[in-house]
Amino acid sequence: GTKKVEAIIFHRHDGQHNIPPLNTMSFRKMDELRILDTSCIRMEGSYQYLSKLLKFLRWWQCPLKSLPIINFDVMNIVVLDLTESIIEEFLGPSVTNTWFFCLLHSQEANYSQT
């Protein structure tokens with residue numbers, strides 16, 4: 001079942017513009033999810049449903065202007081790849097364990113730790 005899912009790879013290809021947003025509630029029972037690799041995907045809902053064990057998050061072309069740190073525990077993420085995103089602001093103390101942080105080809109981002 002969903003409790004055993006450890007990795008999800010979901011990429012939208014060119015021409016697939018009518019894919020509905022992915023509701024974050026879909027992740028609520030995926031306690032073992034360690035890898036989430038997406039591109040061109042919109043997610044809606046609270047990011048608190050992402051696994052606390054998540055180590056690898058690649059979200060190419062992330063449509064968010066800021067990462068929702070309040071409801072999103074990124075303490076254990078080792079790789080955070082937001083290539084080609086529109087992130088403008090990333091605030092919070094939460095990325096201290098991140099070894100690889102990528103904003104390649106993204107809009108000019110303001111990153112600060114509090």
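If you check 93, 63 for being of a type outside the set (Asp, Glu), loosely packed, with under 14 Cβ neighbours inside 10 Å, at pLDDT 70 or above and part of a loop (DSSP other than H, G, I, E, B), only one passes: 63.
Please go through the range 16-31 and pick out each residue that is among the polar types (S, T, N, Q), surrounded by fewer than 15 Cβ atoms within 10 Å (Cβ to Cβ) and either at pLDDT 85 or above or not in a loop (DSSP other than H, G, I, E, B) (or both). Full working, then the answer.
Residues of the range 16-31 among the polar types (S, T, N, Q): 16, 18, 23-24, 26.
This time we only want the ones that are surrounded by fewer than 15 Cβ atoms within 10 Å (Cβ to Cβ), so: 16, 18, 23, 26.
The answer is 23, 26.
Of the set (1) among the basic types (Lys, Arg); (2) modelled with pLDDT under 90; (3) in contact with a Phe, Trp or Tyr (Cβ under 7 Å, 6 or more places away or on another chain), all apply to residue 34 but (2).
The values are calculated or read from the model by the stated rules, or taken from the named source; none is laboratory data. Here the structure is a predicted model, which means the values were calculated and not measured. Please note: Cβ atoms are built from the backbone with ideal geometry, for glycine as well, and neighbour counts cover all protein chains shown.
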